[in-house]
Amino acid sequence: MLRRDVPECSGVALRAVRVRKWVKGPEAGVTAAHQHTSPRHKHTVKMSKQKQQAISPLKNFFAGGFGGICLVAAGHPLDTIKVRLQTQAKPKPGEKLIYAGTIDCFKKTLAKEGFKGLYKGMAAPIIGVTPMFAVCFFGFGMGKKFQQKTPDDILTYPQLFAAGMLSGVFTTAIMAPGERIKCLLQIQAATGEVKYSGPMDCVKQLYKQSGIRGIYRGTALTLMRDVPASGMYFTSYEWLKNVLTPEGKSHNELSIPSVLFAGGMAGIFNWAVAIPADVLKSRYQTAPDGKYPNGFRDVLRELIREEGVGSLYKGFNAVMLRAFPANAACFLGFEMAMKFFNWLAPDL
């Protein structure tokens, strides 16, 4: 508000004083009262101070592929443990579980199969992970771009969540068969019965037995897992980047520890949403043909009837132990690759 004791001014000078007072705050067109009373506005102001990098789905595609490779390299051992815990059969009366927990599974795998045993089935995700994460980040980039009216628009968290869900739809075509092959190779190593000599042999046998449907078995459950989980994944990452970015700084100036923390926590949030559907998917994809004629509904009924609701969180410790380092590595790889591409082709 203008002081009442302002010296005599012409109309032009008076308007100039008002304009100066108006734009003195963090963002032109926002009153001081609103700046102090609206937390949502504070977030918008912080975002608007950053230099907006135009969204490039193509850069997202290549950077996402590199991030996916980093994720697999960091997280596959604990993924192997997760799948073995999720798929181990209920013991018969008088018998014990094959694995008492995450640490027990880790020790027994090392003792029986050596360090290589933790990387069983890694060829399938390595082959699939580059295009899968490339498509995932591409889908997220497209989802953001679709919702922008101008390249400078700042997306809200619900819009980021919607873009993340779209990325989950994009990846299912690659994820479903890759997960099917990976899980089958991981559990055969645990049982000692070698049915498949490798990923390609697994694909050939599945196709021979059940056609393309056999390879894509569990697609609906993959969608049920990845669509909401991907929304949470990207939204939580963007939220944490905003929280960790110092006032007046850009996301591009975040330190490596901050990127690792944001990426690792995004992985935790992702799996907190995804675990129940992931347990159902792993069971369904590794079950003998015909065991669950009604699909995931039969798997769900059997698990709850025989092992209780807690069975939907089997492998929780292994998942969470893996989620942080794997996704921290993924997002660090993604951010590094994006910086490189922005330097190489800033206008692309």
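Annotations for the structure displayed:
- Qualifying residue in region 300-311 (condition: part of a helix (DSSP H, G or I), over 18 Å from Leu78 (Cβ atoms), of a type outside the set (Gly, Ala, Ser) and touching a Phe, Trp or Tyr at 6+ places or on another chain (Cβ under 9 Å)): yes
- Scanning region 61-107 for residues that are β-branched (Val, Ile, Thr), open to solvent by 80 Å² or more (accessible area, probe 1.4 Å) and over 16 Å from Gln186 (Cα atoms) yields a count of 1.
- Glu179 of a type outside the set (A, V, I, L, M), closer than 28 Å to Gly121 by Cα and in a loop (DSSP other than H, G, I, E, B): no
- Sole residue being among the hydrophobic types (A, V, I, L, M, F, W, C) and crowded, with 23+ Cβ neighbours inside 10 Å, chosen from Phe146, Phe161, Phe138: Phe138
- Residue that is surrounded by the fewest Cβ atoms within 10 Å (Cβ to Cβ) [pool: residues in region 208-241 that are small (Gly, Ala, Ser) and farther than 27 Å from Ala266 by Cα]: Gly211
- Of all residues in region 129-149, one or more are within 30 Å of Leu240 (Cα to Cα), part of a loop (DSSP other than H, G, I, E, B) and in contact (Cβ under 8 Å) with a residue 40 or more places away in the chain.
- Extreme residue, farthest from Val83 (Cα to Cα), among residues of region 263-316 that are of a type in the set (A, V, I, L, M) and open to solvent by 30 Å² or more (accessible area, probe 1.4 Å): Met265
- For region 182-203, the condition of being within 14 Å of Gln285 (Cα to Cα), part of a helix (DSSP H, G or I), open to solvent by 30 Å² or more (accessible area, probe 1.4 Å) and of a type outside the set (A, V, I, L, M) holds for none of the residues.
- Where a residue in region 301-315 is under 12 Å from Val279 (Cα atoms) and in contact (Cβ under 8 Å) with a residue 12 or more places away in the chain and its partner, wherever it lies, is open to solvent by 80 Å² or more (accessible area, probe 1.4 Å) and assigned to a helix (DSSP H, G or I), with Cβ under 9 Å and at least six apart: Leu303/Val309
- Considering Leu321, Leu348, the condition of being open to solvent by 10 Å² or more (accessible area, probe 1.4 Å) and over 21 Å from the mean Cα position of the chain (by Cα) is satisfied by Leu348 alone.
The values are calculated or read from the model by the stated rules, or taken from the named source; none is laboratory data. Worth saying up front: this structure is predicted, and the values here are computed from it rather than measured. So basically every Cβ, Gly included, is an ideal-geometry build from the backbone, and we count neighbours across all protein chains shown. Quick note on the areas: whole protein, heavy atoms, side chains included, nothing else; ligands and nucleic acids left out. Shrake-Rupley method; radii C 1.70, N 1.55, O 1.52, S 1.80 Å.
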